[in-house]
Amino acid sequence: MAEAYIVDVVRTAGGRRNGRLSGKHPADLGGLVIDALIERTGVAPEKVEDVVYGCVSQIGPQTFNLARTSILSSKLPESVPGVTVDRQCGSSQQAMHFAAQAILSGTQDLVIAGGVESMSQVPILSAMTTAVKAGMPSPFAGEVLSSRYPGQEFNQFDGAEKMAKKYGVSKEELDQFAYDSHVRAAAATQEGRFRNEVVPVDVEIEGEKMTHDVDEGIRWEPDLDAMRGLDPIQENGTLSAANASQITDGASALLVASEKAVKELGLTPIARIHTMAVCGSDPTMVLEGPIPATEMVLEKAGLKLADMDIYEVNEAFGSVPLAWMKALGADYEKLNVNGGAQALGHPLGATGTKLVGTMVNELRRRNGKYGLLAICEGLGTANATVIEMM
């Protein structure tokens, strides 16, 4: 049976909006993590057969096929092709799935998958706002779609509130989860748990040269009472800026190899991509997809949630992983154990493979076997992946 192995995975530390990474061109960030993979694995650059990158806001500096511009900003030869995909917040997770599928089909043996998002340079919804300003029709909701879901705006903030209401997630639980995210992220950083996955980035801030290698969004001494006191995003809502993901700049990438490539190139895999799934769900709920995607991937894998040593469920909003946990009966102590996007940030197109890196390093630290990754995505889709450590 064919296997798709993860040889190594790297990421930049998250940069806050208009923070340390805001001046870095997204293609340079994409090239930087490619070069780190090549250096760490010792793979000859010309052996890489493709690069699949995720990016959500493909406009401005992130347009014209960011995977290809990242290749041309790296040490890979011009002969290596690249393609950029948009599965919304799960874009780099989907990039990994596409890479694994190429390996499993036997059509390729060595593929880099990852993603980039510079949310400082290309703000979220840039494509939509640019279209509106240019007098174009609604970017995605045409006459047929609008008539199928009359009166619906497909709003992620509405979706997050709907998730909290449907699954009985209180504001107290959301604020506590946000607090725990920062506490866990700070502890993980101080204990060096991210050291193996983070690639240092040389930056210059106000004329001062420095190295960016620590996630910039962590609150080192979070104040739970202050979090509880923040105004909700929507009137009478449960969600606030404290329990939503942070706008973040960053890049991440991993190297996927076939068994043939592992043997011929003398590579040492750290994990294998055990099972993959992707599904659609109610687009008006927007963010519910991780629940059916998890059920689907576990059924395909022949495993149970109890078999997972840890799980990463993206904290786009705190209500998503907490609703997921309540719906599936998951263990809070296994959920986002090193903090999540509320503390570490959510660089959209880079988040999927970023979380894979955090997960495999934590599994190795715990001597665990299985990890589960699930990410909610715009208009009600979701990817789920089971990773097995070697």
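The values are calculated or read from the model by the stated rules, or taken from the named source; none is laboratory data. Since the model is a prediction, treat every value here as computed from it, not as a measurement. Note that each Cβ is placed from the backbone with ideal geometry, even for glycine, and that neighbours are counted across all protein chains shown.
Any chance you could count how many residues in the range 215-240 are surrounded by fewer than 15 Cβ atoms within 10 Å (Cβ to Cβ) and modelled with pLDDT of 90 or more?
Final tally of qualifying residues: 7.
What are the residues in the range 243-256 that are in a strand (DSSP E or B) and over 24 Å from Asp28 (Cα atoms), if any? Give the steps one after another, and end with the answer.
Just the residues of the range 243-256 that are in a strand (DSSP E or B), to begin with: 244, 247-256.
Of everything in the range 243-256, just one residue is in a strand (DSSP E or B) and over 24 Å from Asp28 (Cα atoms), namely Ala244.
Would you check if Gln93 is at pLDDT 95 or above, over 25 Å from Pro269 (Cβ atoms) and either β-branched (Val, Ile, Thr) or buried (at least 19 other Cβ atoms within 10 Å of the Cβ) (or both)?
Numbers: at pLDDT 95 or above: yes; over 25 Å from Pro269 (Cβ atoms): no; either β-branched (Val, Ile, Thr) or buried (at least 19 other Cβ atoms within 10 Å of the Cβ) (or both): yes.
The answer is no for Gln93.
Considering Ala271, Ala253, which residue is within 16 Å of the chain's Cα centre (by Cα), modelled with pLDDT of 95 or more and either more than 29 Å from Ser170 (Cβ to Cβ) or aliphatic (A, V, I, L, M) (or both)? Explain how you work it out, then say what you get.
Working: Ala271 fails: within 16 Å of the chain's Cα centre (by Cα).
Among Ala271, Ala253, only Ala253 is within 16 Å of the chain's Cα centre (by Cα), modelled with pLDDT of 95 or more and either more than 29 Å from Ser170 (Cβ to Cβ) or aliphatic (A, V, I, L, M) (or both).
Please work out which one of (1) closer than 24 Å to Met359 by Cα; (2) in contact (Cβ under 8 Å) with a residue 60 or more places away in the chain; (3) assigned to a loop (DSSP other than H, G, I, E, B) is the condition Arg195 fails and give its number.
Every listed condition holds for Arg195 apart from (2).
With the requirement that a residue be of a type in the set (Val, Ile, Thr) and touching a His at 6+ places or on another chain (Cβ under 9 Å), what does the range 247-288 give you?
Of everything in the range 247-288, those that are of a type in the set (Val, Ile, Thr) and touching a His at 6+ places or on another chain (Cβ under 9 Å) turn out to be Ile247, Thr248, Ile273, Val278.
Looking at this structure, is Glu117 at negative phi, of a type in the set (D, E, K, R) and surrounded by 13 or more Cβ atoms within 10 Å (Cβ to Cβ)? Full working, then the answer.
Numbers: at negative phi: yes; of a type in the set (D, E, K, R): yes; surrounded by 13 or more Cβ atoms within 10 Å (Cβ to Cβ): yes.
Considered against the rule, which asks whether it is at negative phi, of a type in the set (D, E, K, R) and surrounded by 13 or more Cβ atoms within 10 Å (Cβ to Cβ), Glu117 comes out as yes.
Identify the single condition in (1) in a helix (DSSP H, G or I); (2) farther than 18 Å from Leu348 by Cα; (3) out of contact with any Asp or Glu (no Cβ under 6 Å at 6 or more places or on another chain) that Ser79 does not satisfy, given that it satisfies every other one.
Of (1) in a helix (DSSP H, G or I); (2) farther than 18 Å from Leu348 by Cα; (3) out of contact with any Asp or Glu (no Cβ under 6 Å at 6 or more places or on another chain), only one is false for Ser79: (1).
Which helices (runs of 4 or more DSSP H) sit wholly inside the range 277-390 and have at least 2 residues that are surrounded by 24 or more Cβ atoms within 10 Å (Cβ to Cβ) and not aliphatic (A, V, I, L, M)? Lay out the reasoning, then the answer.
Values: elements: 290-301, 319-328, 341-344, 351-366.
Ranges flagged: 290-301, 319-328, 351-366.
Every residue, every condition in (1) crowded, with 19+ Cβ neighbours inside 10 Å; (2) within 25 Å of the chain's Cα centre (by Cα); (3) closer than 30 Å to Arg272 by Cα, yes or no:
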site: Ala99; (1), (2), (3): yes, yes, yes
site: Met128; (1), (2), (3): no, yes, no
site: Lys133; (1), (2), (3): no, no, no
site: Pro137; (1), (2), (3): no, no, no
site: Gly142; (1), (2), (3): no, no, no
site: Leu145; (1), (2), (3): no, no, no
site: Pro150; (1), (2), (3): no, no, no
site: Val169; (1), (2), (3): yes, yes, no
site: Ala187; (1), (2), (3): no, yes, yes
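Within the range 81-101, track down each residue that is under 18 Å from Val320 (Cβ atoms) and polar (S, T, N, Q). Can you show your working first?
The initial filter retains those residues of the range 81-101 that are under 18 Å from Val320 (Cβ atoms), namely 87-94.
The answer is Gln88, Ser91, Ser92, Gln93, Gln94.
Has the range 259-269 got at least one residue that is in contact (Cβ under 8 Å) with a residue 24 or more places away in the chain, polar (S, T, N, Q) and buried (at least 21 other Cβ atoms within 10 Å of the Cβ)?
no
Considering only residues that are of a type in the set (Gly, Ala, Ser) and at pLDDT 90 or above, which ones fall in the range 117-145?
To start, the set of residues in the range 117-145 that are of a type in the set (Gly, Ala, Ser) comprises 118, 120, 126-127, 131, 134-135, 138, 141-142.
Those that are of a type in the set (Gly, Ala, Ser) and at pLDDT 90 or above: Ser118, Ser120, Ser126.
Tell me which residues, restricted to the range 130-164, are in a helix (DSSP H, G or I) and free of Cβ contacts under 8 Å to residues at least 40 places away in the same chain.
We begin by selecting, within the range 130-164, every residue in a helix (DSSP H, G or I); these are 130-133, 143-148, 156-164.
Across the range 130-164, the qualifying residues are Ala131, Val132, Lys133, Glu143, Val144, Leu145, Ser146, Ser147, Arg148.
Considering each residue of the range 103-114, count those that are outside any loop (DSSP other than H, G, I, E, B) and either under 21 Å from the mean Cα position of the chain (by Cα) or surrounded by 19 or more Cβ atoms within 10 Å (Cβ to Cβ) (or both), and give that number. Please lay out each step first, then the result.
Initial filter on the range 103-114 (outside any loop (DSSP other than H, G, I, E, B)): 103-105, 110-114.
If we keep only those that are either under 21 Å from the mean Cα position of the chain (by Cα) or surrounded by 19 or more Cβ atoms within 10 Å (Cβ to Cβ) (or both) as well, we get 103, 110-114.
Qualifying residue count for the region: 6.
Residue-wise test of (1) in a loop (DSSP other than H, G, I, E, B); (2) under 26 Å from Cys279 (Cβ atoms).
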| residue | (1), (2) |
| --- | --- |
| Ser57 | yes, yes |
| Phe64 | yes, no |
| Arg68 | no, no |
| Ser73 | yes, no |
| Val83 | no, yes |
| Gln93 | no, yes |
